[in-house]
Amino acid sequence: MSGEPVGQRFQPFTRLAAVILLVIGCLFVLRPFLAAILFACAIAISSWPLYLRLLERVKGRRWLAAIIMSVGLTLLIVVPLTLVTWNIADNASEFYDHFKGDLDTGVLSPPAWLKDIPIVGDIIDTYLRKLLGSREELLNTAKGMLEPARHFLLGSGMVLGSGVAQVSLAVFVSFFLYRDGQYIVVSLSNAMSKLIGAEQSLSVSDTVSRTVRGVMYGLLGTALAQSVVAAIGFLIAGVPAVALLSVATFLFSLIPVGPPLIWGGAALWLFNEGSVAWGVFMLVWGVFLISGVDNVVKPLLISRGSSLPFILVLLGVMGGVLAFGFVGLFIGPTLLAVGLGLLRNWTGQPV
């Protein structure tokens, strides 16, 4: 038996337990803000090279550079997201009330342009006229559709509203990450060096930063490409409010099957205005070009930037939304990519 006292023998385990309890307590306190904090970290890591260049321009004044970066993020992300959310919620509510009013008065009728749609126009027009001609059948069909539609619109509005709040909080947190980022990096590097060694800590840091940038650049790059392609299509077809619709396409491209809501609405507007040919053009442009960017470019960019298989990208997007809400579109793939990168680093496989 060793002469070492029992208290000293178990002292390392006591310290470890205390640290674990402290970490659990901190996570419990920060849990409501965890999504915004993770998103802010992803933003700061992705834009850190830009922040360093800006820091040189302002002669090392960290608070000024942090303010400029935060204001830029607000103008680029928060303001467009808020405007699009407000317009979508307002127009959706107006459309719902208008349709419900027409339904109550019995003045609904198929639009005239419906018959001009090639191949299927006459079939759809005949069916709708038969449905609208029978008030009883119309009411039965509408009862089954209006309530789910209302709940869907309300749910979508809540998701977008929550996204605005999360992104706003993330921008606020990013200010402190920019201002104190250099001290945070040094502290984390020292802690990791003590835990896993200096050489491994550098490798892990490089893997994390490279992976986060790859995923964020992939998501944002794809969104930008889709919005540019959509803007070209809107301009060619003569759709109004091109700037607003392009911003909406940029934001909705982060959501699975989001862009069809934008270019599909533009196509319906063209049909309603009697521009059947341009409406068909908008549908073809949307399916093969706008959505084609999403189906091809996004998996390519994300997978190349982070070496993340497409299935994990897909699961990361869906699981991230379920776990973190709107900002989970970014957090989900990023966390999976970082986890896979660290696993490959640990096993010695090429990242």
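Laboratory data are not the source of any read-out in this text; all were calculated from the coordinates shown. If you're wondering where the values come from, they're calculated on a predicted model, not measured in any experiment. Positions of Cβ are backbone-derived with ideal geometry, glycine not excepted, and every protein chain shown enters the neighbour counts.
Descriptive notes on the structure:
- Difference of contour (0.36 nm per residue) and Cα-Cα distance, Leu244 to Val19: 76.0 nm
- Sites Phe28 and Val228 - FRET efficiency at Förster radius 56 Å, r taken between beta-carbons, to 0.05: 0.80
- Net charge over other residues, Cβ less than 12 angstrom from the Cβ of Leu342 (K, R count +1; D, E count -1): +1
- Packing here is the average count of other Cβ atoms within 10 Å per residue, and on that basis the peptides 22-30, 35-43, 47-55, highest first, run 35-43, 47-55, 22-30.
- Net charge contributed by nearby residues that have their C-beta within less than 13 Å of Trp63 (K/R +1, D/E -1): +3
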